[in-house]
Amino acid sequence: MRSIPLDLKSKDAVNLHWKLARALVDPIRPGTFNQSLMELGATVCTPKNPDCYICPVSSHCNAFREHRDIEETSTKPLQFPCTTCKSDNLVDTPTESVTKYPVKAAKAKQRDEIVVVSIIEWKVASKEPTFLLAQRPSSGLLASLWEFPQTILSSSDTKKLKENSFEQKRIPSQFENQQDQYIHSSLGIGKFEVTERRRIGTHLHIFSHIKQKMHIELISISTKQDDIKSSIPTKWLTFEEFNSSAISSSVRKCFGFYKK
């Protein structure tokens, strides 16, 4: 049992664990080893109160060896040369020397983002309204999911904002213009006749590393362009089609403001 003070998600840690797995796990019956390890973790080697003195593999455990070294000498654990891990200079109590493994990665600080979201509704008399959605890139956050046209304000833009900038009936004009530029240029949609444009709500959506404040506007149009030429996939959806599409929870919550 190795005492490895590395972030488990780091490249070095992943490579090392695969190397160890190939050396330890029987390729013919890998399930037996995996089941035994899970059973050990559930009953003996628990995250908070491991019962090291009854553990059947404690004699092979470096963390337990550190525990005994500290208990016997009241000094920091012996250092063992390792070309993968950074030096471990922490002074531990006996309990800490066991439970500090595996090392938990430090959580990245959340960054704040302000997003303008446009629900573009094409509505004519006697026809069911349809809504424009664009597809996100195939990699990264919320890959390939569909969303309403949206832009993230730059840090320089957000610094200029007044506290009540988004409390008016409409999105501030400079950001409306920025959003129009994205709709016309990036999505390849030509000019359309707007019958109504207003701010309909604000939604706070929190990811593990991002806190997005989404300011939602409704743009109702009476004409639409069918032959959209854009590198970004787009589509017009009815209510029913929207509900059955691959759409994130944040987009559904934005749409909830339209339904109110």
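The values are calculated or read from the model by the stated rules, or taken from the named source; none is laboratory data. Note that the structure is a prediction, hence the values are computed from the model and not measured. Counting neighbours? That spans all protein chains shown, and the Cβs are built from the backbone with ideal geometry, glycine included. Please note that ligands, DNA and RNA were not included when accessible areas were found on the heavy atoms of the full protein model with its side chains. Shrake-Rupley method; radii C 1.70, N 1.55, O 1.52, S 1.80 Å.
Quick notes on this structure:
- Placed amide H near F207: partners under 5 Å, 5+ positions off or other chain: Q212
- Rolling a 1.4 Å probe over the protein heavy atoms of the chain, with every protein chain left in place, gives an accessible area that is 54 percent carbon and sulfur.
- Karplus-derived 3J(HN,Hα), 6.51/-1.76/1.60, for each residue of the range 2-11, Hz, glycine and proline x: 8, 9, 10, x, 10, 4, 4, 8, 6, 4
- Counted over the chain with a bin width of 5 Å, the fraction of Cα pairs per bin, in whole percents, is 1, 5, 9, 12, 12, 9, 6, 5, 6, 8, 8, 8, 6, 3, 1, 0, 0, 0.
- With a threshold of 24 Å on the Cα-Cα distance, the over-threshold entries among K9/K213; K9/K109; K123/K213 are K9/K213; K123/K213.
- Heavy-atom surface of the chain, accessible at 1.4 Å and reported per residue (Å²): 64
- Shape parameters for the range 124-243, alpha-carbon atoms, Rg then Dmax in Å: 15.3, 45
- With the simple spin-label model, which puts each label point 7 Å out from Cα in the Cβ direction, the K48 to K19 separation comes to 3.5 nm.
- Backbone N within the range 1-21 under 17 Å of label point (7 Å from S59 Cα along the Cβ vector): 1-2
- With a simple spin-label model that places each label point 7 Å from the Cα along the Cα-to-Cβ direction, the separation between K160 and K211 comes to 2.5 nm.
- Extension gain for S220-S186 works out to 10.3 nm (0.36 nm per residue, less the C-alpha to C-alpha distance).
- With the simple model of a label 7 Å out from the Cα in the direction of the Cβ, K253 to L145 spans 1.1 nm.
- Residues of the range 180-201 with amide N under 14 Å of the 7 Å Cα→Cβ point at F242: 200-201
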